[in-house]
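Structure, as structure tokens:
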Amino acid sequence: MSRRDHTLALSLVSHTNIGKTTLARTLLGRDIGTVRDATHVTDFADEHRMIDTPQGECLTLWDTPGFGDSVRLAKRMQQSGNPLGWLLTEVWDRWRDRAFWASQMALRNVRDEADVVLYLVSAAEAPEAAGYVAPEMELLAWTGRPVIVLLNQLGAPGQPAQEAAEIERWRTHLAAQTQVRAVLPMDAFARCWVQELTLLQAIEAALPPERQALMGRLRGVWQAQRLATFDTAMQTLADSLARIAHARETVPEAGSLRSALRQVGTALGLRREDGDPRLKAQEALLARLDSEVRSSTSDLLRLHALEGQAAAEDILARVGSQFDRRERVGTGKAAVLGGMVSGALTGLGADLATGGLTLGGGLIAGGVLGALGAMGLAHGVNLVRGLEESWLGWQPEALDAAVEAAVLRYLAVAHFGRGRGAWAQSEAPAQWRAVVVEALAPSRPVRAALWTERSDEATTAKALQAVLTQTCRQALATLYPLAPVPVPASVVQRHGDR
């Protein structure tokens, strides 16, 4: 069996300084080559393994030198079949014009190695203004290989309709180029795995029939890997959100009238008491939320072969004041305060009834009776509420905000092109939040029940994973209406269990 029988090759080519190596890093999920804002950074064609099947089949990606003087290159390649052309290429160009020679090597690589060409163009310029495209299309036609045009430098993810219009503009411009089989968006900085699946399907369709079965197996392996990553990401976020939902911080009861009055003053905003156990509980709960967000985001980055520091400032700002206070009415405190309130009234009644007690004496007597009554009332309230202690947790509104933020974090990580380097938290595109809110709407009753019950952490996590899976699938389908969003294995398993 020859190498070609079990290997497919893609050649990534473009005009110089369009972003080939940056995109190659994103597609491969690892750092290769050198990336900098300069022409002719890549001097040689380098082959990298992109997908492997258990049977030893392989899809490779060639990162090639960029085309420079495309018009001159087209003329030189036309001469390559005669002795003078060979002499100019292998001797003169190789030693006197290294960049031009590298461009020729890129083209030879396409002709000799590639099954399909991935031709990268900059969407930052109008197709009519990109004068290098026409001669380079002529060069690619010379190789006889099918071409898929990829639009790079699209900027931050925009509205689907805007992106579709940009694609159509390039398709119209390249309509006469019969070697072009598809035009797809593939920004090296902000692409999504759903778009990569569309690319693999386009590659399969561009191949001769006898090579499509091999590509189908390779695509199947890639898809299974991405869906496994998706499932793990959903489970990671669900487990984290469940821990947040069940997080509680115990609030010690005030042991004296002075401590009780301090808490009342703090609650009314009359003073700030750094030693207030409620404030300490709030700070501890915020610290746990911060740790959870950072930890789950770091797990997402590792899952997607990215590096960088996770941030939690956004979610902390959104939910940081939405605490759920469940306070036990302490019998000691209730006795003191209850006695103060009821004592005056009871004491006055005692004075009148006896005719001889002073107001002060009646107040003391009434205070004792009021305290006893308050102790009984506190015991009853705590018994009905089932509270053994006072605690602080998160309100349902805060948990809904945490779920929304988790979906936005997933989208941000899933769109982060490796060519950008280390992960950096940035503001999500404006349309993402509206898409996520709409995708979350059907699960509102489920979430409301979860926040009310909070039966146990494992049950909450399992239910949240289903919510997140469906929400993220719907969000991706809305953002990429023309791309197939495959059903994750977890969804298939759940339906199979019914």
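For Glu210, the shell of other residues with beta-carbons less than 13 Å away shows a net charge of -1, using +1 for Lys and Arg and -1 for Asp and Glu.
With a 10 Å Cβ neighbour count serving as the proxy for reagent exposure, in which order, fewest first, do Met137, Met186 appear?
In order of increasing Cβ crowding within 10 Å: Met137, Met186.
What FRET efficiency comes out for the pair Ala284/Ala401, r = Cβ-Cβ distance, R0 = 25 Å, nearest 0.05? Let's see the in-between values first.
Working: r = 19 Å, r/R0 = 0.78.
For Ala284 and Ala401, the calculated efficiency is 0.80.
Applied to the range 135-146, the Karplus parametrisation 6.51 cos²θ - 1.76 cosθ + 1.60 on θ = phi - 60° returns per-residue 3J(HN,Hα) values of x, 6, 5, 5, 5, 5, 5, 4, 6, x, 9, x Hz, with x for Gly and Pro. Counting every other Cβ atom within 10 Å of each residue's Cβ, Leu150, Leu479, Leu28 order from fewest to most as Leu28, Leu479, Leu150.
All of the numbers you see were taken from the coordinates with simple rules; none came from a lab. Computed from a predicted model, the values in this text were never measured in an experiment. FYI the Cβ positions are ideal-geometry reconstructions off the backbone, even for glycines, and counts take in every protein chain you see.
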